[in-house]
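The values are calculated or read from the model by the stated rules, or taken from the named source; none is laboratory data. As the structure is a prediction and not an experimental result, all values here were calculated from the model. Here Cβ is always computed from backbone atoms with ideal geometry, including for glycine, and neighbour counts include all displayed protein chains.
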Amino acid sequence: MKISAIIVVKNNPPHLFETLESIRNFVSEIIIGDIDIGNDYRKKLLENKKVRIVQLPSDIPFADLVKEDLKKQAKGEYILYLDPDEIYPSATLRTSPSLTTLMDKYDIFYFPRKNIIFGKWIEHSRWWPDYQLRLFKKESVIWPRQIHPVPKTRGKEYRFEAKQENAILHYNYDNLDQYLEKAIRYAKNEAQLRDNYSLTNALNDARTEFISRYFAGNGFKDGMHGFALAILQMFYYFLVYFYFWERKKYQNSEINIPVTYQGFVTNLYYESSFWHDLKILTFGVEKIKSKLKNTLFKMLK
């Protein structure tokens, strides 16, 4: 059974050779979509006999636009899609007999992904288990050419258990500059794709993003990392709106901005208070349960 790996690479990412090493014994070929890879870096890549490099235009804003084009060039029956900052769980891929058996029964595989952001594994904040569709039968998945696409799938799906040994290790963002560069790039393109986006829409999206990550997604358990990421993810929707406003030539089309903003602040305050009290109550109940269990255990000893 032939498996083709597909990776879109821009410039000279630091973890790419670790990525390639993690799949070395699992795939038959590695197709690399080249967006401005340096000459020396390219030569080193081509030392791997499985690697085939496909030149891509420099102005491609994100990899999702070219997944389907690269898939058509793959010779394998199955596709393993990777980002150049992802290290595959070698232990899971190495158990080829069991994985091969699964591939006889299933068409689409989802891996949990362990995101390393600002030097730390983010265990909450909706960043775990962060399931990703990565291995699939070639004709079972179609990737729409859009930002944050939801792939169209056909066939039986399998999800690896959300354990660290099954997880892709994802070096997501090393620093704030990396985060902001990507956020700006994605926000610009999302603004271009929207037909309409009001300040109210942006504020609602921003509020929902913060609440869902920091409170509902237990981001507070990730400490300052969780808080910073919830704020940054919330800020993304402000960027989308401001780039949309820029696209509309800075038209002053919003009515009563102070009232709209006041509604945002009020709703954010009430929702934050609700979730804060709920989490404290839940934590208190769990603490009582734990004490009762320990007491009963001691009594039964």
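Could you tell me whether Phe17 is of a type outside the set (A, V, I, L, M) and buried (at least 17 other Cβ atoms within 10 Å of the Cβ)? No; evaluated as a whole, the condition is false for this residue. Filtered by the rule that a residue be out of contact with any helix residue (DSSP H, G or I) (no Cβ under 6 Å at 6 or more places or on another chain) and assigned to a helix (DSSP H, G or I), the range 203-219 gives Asn204, Thr208, Ser212, Ala216.
Considered as a group, the residues in the range 12-58 that are touching a Gly at 6+ places or on another chain (Cβ under 7 Å) and not hydrophobic (A, V, I, L, M, F, W, C) include one that is farthest from Tyr78 (Cα to Cα), and that residue is Asn12.
Against the criterion of being without any contact (Cβ under 8 Å) to a residue 12 or more places away in the chain, closer than 30 Å to Asp277 by Cβ, of a type in the set (S, T, N, Q) and in a helix (DSSP H, G or I), Thr200 does not qualify.
Here is a yes/no grid of residues against (1) closer than 30 Å to Lys249 by Cβ; (2) touching a Pro at 6+ places or on another chain (Cβ under 7 Å); (3) surrounded by 14 or more Cβ atoms within 10 Å (Cβ to Cβ):
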residue: Ile117; (1), (2), (3): no, no, yes
residue: Trp128; (1), (2), (3): no, no, yes
residue: Lys156; (1), (2), (3): no, no, no
residue: Asp174; (1), (2), (3): no, no, yes
residue: Gln178; (1), (2), (3): no, no, yes
residue: Glu190; (1), (2), (3): yes, no, yes
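Those strands (runs of 3 or more DSSP E) of the range 1-87 in which at least 3 residues are without any contact (Cβ under 8 Å) to a residue 40 or more places away in the chain, considering only elements entirely within it, cover 29-35, 51-55. The set of residues in the range 1-55 that are hydroxyl-bearing (Ser, Thr, Tyr) and within 17 Å of Tyr81 (Cβ to Cβ) comprises Ser4, Thr19, Ser22, Ser28. Could you tell me whether any residue of the range 116-124 is within 22 Å of Met234 (Cβ to Cβ), assigned by TED's automatic domain parsing to the domain that holds Val27 and of a type in the set (Lys, Arg)? Looking through the range 116-124, at least one residue is within 22 Å of Met234 (Cβ to Cβ), assigned by TED's automatic domain parsing to the domain that holds Val27 and of a type in the set (Lys, Arg). Among the strands (runs of 3 or more DSSP E) confined to the range 89-197, the ones with at least 1 residues that are touching an Asp or Glu at 6+ places or on another chain (Cβ under 7 Å) and in contact (Cβ under 8 Å) with a residue 12 or more places away in the chain are located at 108-111, 113-117, 132-137, 168-173.
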